[in-house]
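The structure appears right after this line, and notes come after that.
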Amino acid sequence: MKPQPTSRSIAYEPDQHDASQFDCGQQGLNHWLTASAAHARRMGTAGTFVWVSNGNVVGYYALAPHIVVADALPKSIGRGSPVSVPSYLIGKLALDRSLQGKGAGQALLLDALIRVVSASTHIPGRLVVLDAVDEITAAFYERFGFIRCPGNELSLLMKMSTAAALAVGAT
């Protein structure tokens, strides 16, 4: 049985969503949400989407357009690609400690992939890319089909076709 999201993600609005109590266990991710997410949106560099419970943010992810240089890709993915491969970046993905270990991380990741796949029907991208904060997180992403990039073991990627298959299976 697949875990379901605690709620659907919505665009982060700092004046409507309280992120002051959010704690995922990674200070950098906690701080980015409160200090940088709104600025990234205003600058057009990333959109942040949140799960909210009783007005408090309990999970979030940030998405942005991205380019990957084909030479940095594993041969099985980079073969036949243009020099610059249009992609989507999951720049941040974090879940409050209160939801960790309950399958909600998988649901939050699937929520992000569903949003990326939906966007890709209007603005094509070949890959979904993300950077793991540590080895444990990288292993988590690998369970869903993300592949490590050669030379940077904490950078992972997935073909859009794989993301689409996961998104269809999650809905």
### Message
Anything in the range 117-135 that is over 14 Å from Ala94 (Cβ atoms) and of a type in the set (A, V, I, L, M)? List them, or say none.
### Response
Val117, Ala119, Ile123, Leu127, Val128, Val129
### Task
Answer yes if at least one residue in the range 103-124 is modelled with pLDDT of 95 or more and among the polar types (S, T, N, Q), and no otherwise.
no
### Query
For the range 112-143, which residues satisfy the criterion of being touching a residue at least 40 places away in the same chain (Cβ under 8 Å), of a type in the set (Lys, Arg) and out of contact with any helix residue (DSSP H, G or I) (no Cβ under 7 Å at 6 or more places or on another chain)?
Arg115
### Query
In the range 132-161, how many residues are surrounded by fewer than 18 Cβ atoms within 10 Å (Cβ to Cβ), of a type outside the set (Phe, Trp, Tyr) and assigned to a loop (DSSP other than H, G, I, E, B)?
6
### Message
Looking at the range 163-170, can you tell me whether even one residue there is under 28 Å from Asp23 (Cβ atoms), at pLDDT below 95 and outside any helix (DSSP H, G or I)?
### Response
no
### Task
Find the residue count for the range 99-114, including only residues that are on the phi < 0 side of the Ramachandran plot and surrounded by fewer than 16 Cβ atoms within 10 Å (Cβ to Cβ).
2
### Query
Ser87 is checked against (1) surrounded by fewer than 16 Cβ atoms within 10 Å (Cβ to Cβ); (2) within 17 Å of Ser155 (Cα to Cα) and fails just one. What number does that condition carry?
(1)
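The values are calculated or read from the model by the stated rules, or taken from the named source; none is laboratory data. This is a predicted model, so every value here is computed, not measured. Note: ideal-geometry Cβ built from the backbone for every residue, glycine included; neighbour counts use all protein chains shown.
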